[in-house]
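Have a look at the structure below, then the notes.
The values are calculated or read from the model by the stated rules, or taken from the named source; none is laboratory data. All values derive from a computational prediction rather than experimental measurement. Please note: Cβ atoms are built from the backbone with ideal geometry, for glycine as well, and neighbour counts cover all protein chains shown. Calculation scope for accessible area: heavy atoms of the full protein, side chains included, ligands and nucleic acids excluded. Shrake-Rupley method; radii C 1.70, N 1.55, O 1.52, S 1.80 Å.
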Amino acid sequence: AAALYRQAAEKLATDAGAAEAWFQLADALFRQEKYEESAKAYTKLMADFPNDTRAQEALLQTAWAFHNAGLYADALRVIERAPRQDLPDEEAAQWLYVKANCERQLMSHVAAVATYREILKQYAKTRYAASSGYELALVHYRAGEHDKAIKWAKPHVDDERLAPDVTWLMAESYAAMGRDDEAVQYYRILAEKYPENLRAADAS
């Protein structure tokens with residue numbers, strides 16, 4: 001399918017048809033987890049057909065494609081073009097979430113903290129809030145701010161989707177602070193409750 005979309009994108013005579021083909025090609029590559037190629041196809045769409053509706057629709061997915069390819073600075077350049085208003089809460093939160101993740105990966109500690117906290121403040125009811133809380137805790141942990149890491153991680157310790165990672169982060173943070181009783185408690189929880197987790201052996 002990707003090969004056929006590429007042929008169509010390069011041969012279709014109408015702008016609308018070519019733009020649609022580039023969009024579908026980029027989407028197909030993304031679903032195949034060929035993120036860098038996907039980002040290039042999305043970029044081609046936006047460069048050649050900037051006024052087509054598909055170009056605007058592709059912005060968020062382009063940011064994710066660059067993000068997933070590890071091209072965080074490129075993703076942030078796309079994010080700078082994000083719509084600024086009249087977005088549904090879920091979409092607005094998603095824009096901020098990919099932005100914060102890029103900032104975290106680029107070691108922009110202050111910026112990442114601010115963006116994650118904006119999500120938690122403005123979009124606490126969206127599906128990105130819990131992940132943002134954990135990622136914020138992770139930023140603080142990597143900065144050596146273990147008390148803050150515990151503060152932001154603890155509310156998510158019972159979230160089944162995040163619990164193993166949160167439990168490990170709590171254990172490591174308490175250990176770094178020399179609070180051995182709490183550290184042992186969370187290491188034991190990880191080993192006993194989530195034995196399939198890759199960190200469970202270390203925890204035990």
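Could you grab me the full set of residues in region 106-129 that are over 19 Å from Ser173 (Cα atoms) and touching a residue at least 24 places away in the same chain (Cβ under 8 Å)?
Answer for region 106-129, where residues must be over 19 Å from Ser173 (Cα atoms) and touching a residue at least 24 places away in the same chain (Cβ under 8 Å): Leu106, Ala112, Ile119, Gln122, Tyr123, Lys125, Thr126, Arg127, Tyr128, Ala129.
Pairs needed: first member in region 68-79, in contact (Cβ under 8 Å) with a residue 60 or more places away in the chain and under 18 Å from Asp27 (Cβ atoms); second member anywhere, in a loop (DSSP other than H, G, I, E, B) and open to solvent by 40 Å² or more (accessible area, probe 1.4 Å); C-beta distance under 6 Å; at least 6 residues apart or different chains.
Cβ pairs passing all conditions: none.
The conditions are (1) within 12 Å of the chain's Cα centre (by Cα); (2) charged (D, E, K, R); (3) within 15 Å of Ser38 (Cβ to Cβ), and Lys99 fails exactly one of them. Which is it?
With (1) within 12 Å of the chain's Cα centre (by Cα); (2) charged (D, E, K, R); (3) within 15 Å of Ser38 (Cβ to Cβ) applied to Lys99, the lone miss is (3).
Those residues that are closer than 17 Å to Ile79 by Cβ and part of a helix (DSSP H, G or I), I need them from region 118-130; list them, please.
Those that are closer than 17 Å to Ile79 by Cβ and part of a helix (DSSP H, G or I): Glu118, Ile119, Gln122.
Being at pLDDT 95 or above, more than 30 Å from Asp74 (Cβ to Cβ) and surrounded by fewer than 16 Cβ atoms within 10 Å (Cβ to Cβ) is true for just one of Arg179, Arg188. Which residue is that? Explain how you work it out, then say what you get.
Numbers: Arg188 fails: at pLDDT 95 or above.
Just a single option satisfies the conditions, and that option is Arg179.
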